[in-house]
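The values are calculated or read from the model by the stated rules, or taken from the named source; none is laboratory data. Computed from a prediction, not measured in an experiment: that's the story for all the values here. Using ideal geometry, Cβ is built from the backbone for each residue, glycine included, and neighbour counts are taken over all protein chains shown. What goes into the accessible areas is simple: the full protein's heavy atoms, side chains included, and nothing from ligands, DNA or RNA. Shrake-Rupley method; radii C 1.70, N 1.55, O 1.52, S 1.80 Å.
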Amino acid sequence: MKLSYIEIPPAARPLAWSTPQREGGPALPDPAGGTQPRRRLATVYVLIGLALALPAAMLGLSVLMAWQALWSQAEERAQQAADGAAEYATRMLNSYMLAADRISEATRGMSEAEIRADEGRWHRHLQGQIGRLRSALDAKLVATDGSVLAAASASPPPGASMATREHFTALAQVPPGALWISRAHESAASGRWFFAVSRSRPEPDRGAVVVAIDQASFGEGLARVSVREGETIAILRLDGEVLTRHPPLPGSQPRIPPGAKIRQEMAQERPAGLILSTMPATDDPILVAYRRLAEHPRIYAVFAMPRAMIMQRWWQDVWHVLACLLYTSDAADEEDSV
């Protein structure tokens, strides 16, 4: 039988065919015309890109998670500080109110003339009532015309009238015997700033008992229980009057304007909360936590932490991670240039 064959040209051969290179012979051309090497090279670049991008994405995610965790810690810290300040302020205000109640009860049935006639004894009595009270600056028995009957700070009492002071005039607008917490005033005698707890005396004279609280000393007490360096704590009335603040501002403490976020929160009589706001004096962003005093619903403890402080702590935690991220990005750029 005679065998015959037909030569198939290389272009018509299936791609799966390959011809082994003869040992020592020249390299044979790729039947696919060079497509497979290009595909392999593209795959290698994709894998390199993924290998570089994945660590960068993981680092970026870790930085974001670090910020979220630190912000949550800052919120928890702020609310705890506001709660601690509210508890301290409540305890202190209650002690002043109790002293005012004791003084008022001691004068029951006594006329203004009798108190004036025995002013020295009442001076000593007032000193004894506030002597052990932290931050108490003075205590006064005030006549119905605003003159001072007796005072813990001086005997005879100062001659200045209290007829126009809020802690005296506001008593005419509250129920008999109700307590009033005044805005801050500057003492004419000492120049020190104070706010006062006052209440009406029993019949028949209906004068007043006033206990003055040193603003700076009260603020220092708040700082000891709730404030770290760079943070701010304040006790505010519902109308925005600042009773005390730490660290203190020179002179009088400006009233918080009605448009401020904290005023809007307080106006809704919310018991507690967290907001983002700005510091009135500088417009710097701050994280604010507030807590209403349960026994004094018109008074709030307000804590502020600068956002820059939180950012600084975050940077201290993640700077090495960001450095690694930048290094990875530079390596990726170099790979692309190759």
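Some notes on this structure:
- Each residue in the range 194-218 was checked for being crowded, with 24+ Cβ neighbours inside 10 Å and in a helix (DSSP H, G or I), and 2 of them qualify.
- If the condition is being of a type outside the set (Ser, Thr, Tyr), over 19 Å from Leu222 (Cβ atoms) and part of a strand (DSSP E or B), then the range 275-296 contributes Ile275, Leu276, Pro285.
- Reported count of residues in the range 266-312, each being of a type in the set (Val, Ile, Thr), within 18 Å of Arg77 (Cβ to Cβ) and at pLDDT 90 or above, is 4.
- Selection from the range 151-169 of residues that are within 33 Å of the chain's Cα centre (by Cα), within 20 Å of Glu112 (Cβ to Cβ) and of a type outside the set (Lys, Arg): His167
- Residues that are open to solvent by 60 Å² or more (accessible area, probe 1.4 Å) and either at pLDDT 90 or above or part of a loop (DSSP other than H, G, I, E, B) (or both) within the range 156-190 comprise Pro156, Gly159, Ala160, Ser161, Thr164, Arg165, Pro175, Pro176, Arg183, Ala188, Ala189, Ser190, listed in sequence order.
- Only a single item in (1) modelled with pLDDT of 90 or more; (2) surrounded by fewer than 15 Cβ atoms within 10 Å (Cβ to Cβ) is not met by Glu229, and it is number (1).
- Going through (1) in contact with a Leu (Cβ under 9 Å, 6 or more places away or on another chain); (2) among the hydroxyl-bearing types (Ser, Thr, Tyr); (3) at pLDDT below 90 one by one, Thr107 falls short only on (3).
- Residue satisfying all of: in the range 119-150; among the charged types (D, E, K, R) and open to solvent by 60 Å² or more (accessible area, probe 1.4 Å); farthest from the chain's Cα centre (by Cα) among these: Arg121
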